[in-house]
1. What are the residues in the stretch 108-148 that are within 12 Å of the ligand (Cβ to nearest atom), aromatic (F, W, Y) and either farther than 22 Å from H36 by Cβ or part of a loop (DSSP other than H, G, I, E, B) (or both), if any?
2. Of everything in the stretch 76-96, what is touching a Leu at 6+ places or on another chain (Cβ under 8 Å) and surrounded by fewer than 18 Cβ atoms within 10 Å (Cβ to Cβ)? Give them in sequence order.
3. Only one residue in D240, D211 is modelled with pLDDT of 95 or more and within 30 Å of A156 (Cα to Cα). Which one?
4. Of the conditions (1) away from the ligand (no atom under 11 Å from the Cβ); (2) crowded, with 16+ Cβ neighbours inside 10 Å; (3) of a type outside the set (K, R); (4) more than 17 Å from T10 (Cβ to Cβ), F73 clears all except one; give me its number.
5. Check the stretch 83-105 and report whether any residue there is on the phi > 0 side of the Ramachandran plot, assigned to a loop (DSSP other than H, G, I, E, B) and either of a type outside the set (A, V, I, L, M, F, W, C) or touching a residue at least 60 places away in the same chain (Cβ under 8 Å) (or both).
6. Output the residues belonging to the stretch 52-82 that are polar (S, T, N, Q) and farther than 13 Å from V20 by Cα.
7. Counting only residues that are among the β-branched types (V, I, T) and over 17 Å from R53 (Cα atoms), how many does the stretch 99-139 have?
8. Keeping to the stretch 76-92, report how many residues are in contact with a helix residue (DSSP H, G or I) (Cβ under 6 Å, 6 or more places away or on another chain) and within 14 Å of the ligand (Cβ to nearest atom).
Amino acid sequence: MSKSESDTVTVSIENAVATVTLNRPAKRNAMSPSLHLEMAEVLEKLRYETTSRVLVITGAGESFCAGMDLKQFFVDLKDNPPEFDRIFRIATEWRFRTLRYYPKPTIAMVNGYCFGGAFSIVEGCDLAFAAKEATFGLSEVNFKHFPGGSVSKSLANLLRPRDALFYAMTGRTFKGDRAAEIGFVNAAYPLADLKKEVMAVAQELAQKDPDALAACKDGYRFSLEMSAEAALNFAAAKSDQLTLRQKDSWRSEGIGDFLGGKYRPGLGGHEKAGPNA
Ligand code: ACO
């Protein structure tokens, strides 16, 4: 899958990793209605596409994403409620639902400015890494608003209450190191090393069994929303689903090869990552 440079989202696939780039650098990759529509389309295509096993989401140029396009979304659509609602739904859907329950592992690579609505991209991804130089901010309060749409829930999902309210109420910015310190991203690296570090993690995930990874994600994500009893029941059913999908290979190969002395799962992965390996 390749796309022209004029598109608001570009995709490149290399070594089983799809890099999805928000591509409005002149507008600091602010999310316009077209970008939302295109992102929804790209995620749908990559979901079923078999050459990529991992998604990395990043921004073109020096920004990750400056949040919603304040003009094209909030101002231009002000007098068009049906279109505002349509774009709002799609904008929320891909960040808060599609990404959250995506079957492939997703990684946010925050290379620069990350404001407001972009927090929901970072939170929706399974993992996130930032440049130390990146600037994060919940700028909504600075323009007399608040973290609306899915952003407040993203903050509630991931941040400690004091951090969420401090940054939402002051609108103060913070850098990559602080984002890692408060657990908003996994780690921060100098910008010059960011891509190399992220791709190393992406490659590590690309070597794992894809069905096992999907189960890791579902097990965690849905457990958060369930009672303990329901979560235990869900995990048992998930295990049976995994057994069926992998044709029992977690037991026959994964455990079997350990018991046969071929490898040590405590220290590394099975050499056969899955049915597509
Ligand atoms: N919406 C629409 N246009 C934007 C946005 C945005 N969120 N962010 C930047 N742009 C545009 C600017 O209007 C400008 O366009 P122009 O060149 O046609 O005049 C261009 O991008 C470059 O912006 P500058 O402000 O000139 O760039 P600078 O590097 O100095 O600053 C920064 C970048 C800090 C991101 C600044 O543009 C900014 O504060 N943007 C708004 C950030 C924000 O509050 N986002 C919304 C969060 S709330 C939410 O997502 C619901």
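1. Answer for the stretch 108-148, where residues must be within 12 Å of the ligand (Cβ to nearest atom), aromatic (F, W, Y) and either farther than 22 Å from H36 by Cβ or part of a loop (DSSP other than H, G, I, E, B) (or both): just F146.
2. Once the filter is applied, which keeps residues that are touching a Leu at 6+ places or on another chain (Cβ under 8 Å) and surrounded by fewer than 18 Cβ atoms within 10 Å (Cβ to Cβ), the stretch 76-96 yields E83, F84, I90.
3. Working: D240 fails: within 30 Å of A156 (Cα to Cα).
Of the residues listed, the single one that is modelled with pLDDT of 95 or more and within 30 Å of A156 (Cα to Cα) is D211.
4. Of the numbered conditions (1) away from the ligand (no atom under 11 Å from the Cβ); (2) crowded, with 16+ Cβ neighbours inside 10 Å; (3) of a type outside the set (K, R); (4) more than 17 Å from T10 (Cβ to Cβ), the odd one out for F73 is (1).
5. No, because not a single residue in the stretch 83-105 is on the phi > 0 side of the Ramachandran plot, assigned to a loop (DSSP other than H, G, I, E, B) and either of a type outside the set (A, V, I, L, M, F, W, C) or touching a residue at least 60 places away in the same chain (Cβ under 8 Å) (or both).
6. Going residue by residue through the stretch 52-82, those that are polar (S, T, N, Q) are 52, 58, 63, 72, 80.
Listed by number, the residues that qualify are S63, Q72, N80.
7. Qualifying residue count for the region: 4.
8. Total satisfying the criteria: 3.
The values are calculated or read from the model by the stated rules, or taken from the named source; none is laboratory data. Note that this is a predicted model, so its numbers are computed, not measured. Positions of Cβ are generated from backbone atoms using ideal geometry, with glycine treated the same way; all protein chains shown enter the neighbour counts.
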